[in-house]
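**Q** Just dropping this structure here.
All of the numbers you see were taken from the coordinates with simple rules; none came from a lab. This one's a predicted model, so the numbers in the text were calculated from it and none came from an experiment. No Cβ is skipped: glycine too gets one built from the backbone with ideal geometry, and neighbour counts run over all protein chains shown.
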Amino acid sequence: MLIKDIADFVYNAPAERYLPRPERLISGHPEQSAHNQFCSANGQFNAGVWESEPGRWQVVYTEDEYCEILSGQSLIHDQNGHVKVVQAGDRFVIPAGFTGIWEVVTTCKKVYVTFQA
């Protein structure tokens, strides 16, 4: 590996734009974009920047995900009704197997790092 193989987080990477799958959408029109900055050769490890407009949708995590919220605010709801507020400056890991609801309150941007075992 060489210096050229180091993946800098630059925002000129192509963005994938999408909405949550219709069967998972609860409310709003949370248009999202992901700028995947790095993908390992085997596809198990990814890192990039994600952004979403306000809305609510069901989530099912098959991967571990480290998140660092850069701007905005979201609520993460678990299956038992507990809520975690996440906002600019917060850093946390969502473990594989987590299911619940992701709710964007104000347009939210985060750095993500995922590992699919």
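**Q** Give me the net charge for the shell around residue 101: Cβ to Cβ below 12 angstrom, other residues only, Lys and Arg +1, Asp and Glu -1.
**A** Working: positive: 24, 56, 84; negative: 78, 103.
Once all neighbours under 12 Å are counted, the net charge is +1.
**Q** Add +1 for every Lys or Arg and -1 for every Asp or Glu among the other residues with Cβ under 13 Å from the Cβ of residue 71, and state the total.
**A** Details: positive: 109, 110; negative: 51, 53, 68, 90.
For residues surrounding residue 71, the net value is -2.
**Q** Report the net charge of residues surrounding residue 59, where surrounding means a beta-carbon distance below 13 angstrom and charges are Lys +1, Arg +1, Asp -1, Glu -1. Intermediate values should be presented prior to the final figure.
**A** On the way: positive: 21, 24, 56, 84; negative: 23, 63, 65, 78, 103.
Here the charged neighbours net out to -1.
**Q** To make sure I understand the rule: partners must be aspartates and glutamates, Cα under 19 Å from the Cα of residue 109, and not fewer than 8 residues away in the same chain. Which ones qualify?
**A** Answer for residue 109, where 19 Å is the Cα cut-off: 8, 16, 31, 51, 53, 64, 65, 68, 90, listed by chain and number.
**Q** Subtracting the Cα-Cα distance from 0.36 nm times the residue separation, let me have the gained length for residue 29 to residue 78 in nm, one decimal. Intermediate values should be presented prior to the final figure.
**A** Numbers: separation 49, 0.36 × 49 = 17.64 nm, distance 2.12 nm.
Full extension from residue 29 to residue 78 adds 15.5 nm.
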